[in-house]
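Data first, discussion second: the structure below is written as structure tokens.
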Amino acid sequence: MRRALILVLLLLLTAGMAEAHRMFVGHRMTLEIFAIYDDGEPARNADIAIYRLNATTQDYDLYEAGVTDSQGIYMMTLPGKGTGQWRYAISGHGHAEEGFIGISSERPSSPDGKLLTLAILPLALIAWRVKKR
């Protein structure tokens with residue numbers, strides 16, 4: 001039983017150690033903004049301006065301007081991976097709205113499986129000893 005436990009522990013600690021060839025992945029970020037009025041009608045032909053935060057000046061510089069389609073939708077592809085701080089301003093028929101979008105390239109934090117395994121091991125050993133008695 002002890003040998004089996006040691007074998008399982010070794011297998012868990014070495015899990016995930018594999019080598020493979022490298023993969024490169026690209027992606028494009030498409031921004032779709034839709035606007036409707038409070039009565040449910042789409043904001044057709046509304047003026048829209050997209051701004052990108054300038055890291056040097058901390059001002060939002062105009063990136064693109066246009067109008068919404070017949071459904072009240074405006075679509076554009078962001079440059080590169082689309083990262084950065086964005087602001088949009090939309091107006092039509094006496095109404096105006098603005099919003100902000102932040103896109104980060106940082107990887108979200110996630111717990112490391114090996115650390116989780118190491119945290120569980122003492123509990124498994126305690127349970128095994130209690131069961132053995």
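Values in this text are rule-based calculations from the coordinates and carry no lab data. Note that this is a predicted model, so its numbers are computed, not measured. In this analysis, Cβ positions are derived from the backbone assuming ideal geometry, glycine residues included, and neighbour counts consider all displayed protein chains.
Along the charge dipole of the range 27-105, Cβ charges K/R +1 and D/E -1, which of Asn45, Gln58, Ser91 sits furthest on the positive end?
The residue sitting farthest along the positive end of the dipole is Gln58.
Could you give the nm distance between label points at Gln71 and His21, where each point is 7 Å from its Cα heading toward the beta carbon?
Calculated label separation equals 4.0 nm.
On full extension of the chain, what length is gained from Ala89 through Glu32, given 0.36 nm per residue of separation minus the C-alpha to C-alpha distance?
Numbers: separation 57, 0.36 × 57 = 20.52 nm, distance 1.33 nm.
19.2 nm is the gain from fully extending Ala89 to Glu32.
Rounded to the nearest 20 debye, what is the charge dipole size of the range 27-105 about its Cα centre when +1 sits on each Lys and Arg Cβ and -1 on each Asp and Glu Cβ?
The calculation lands at about 440 debye.
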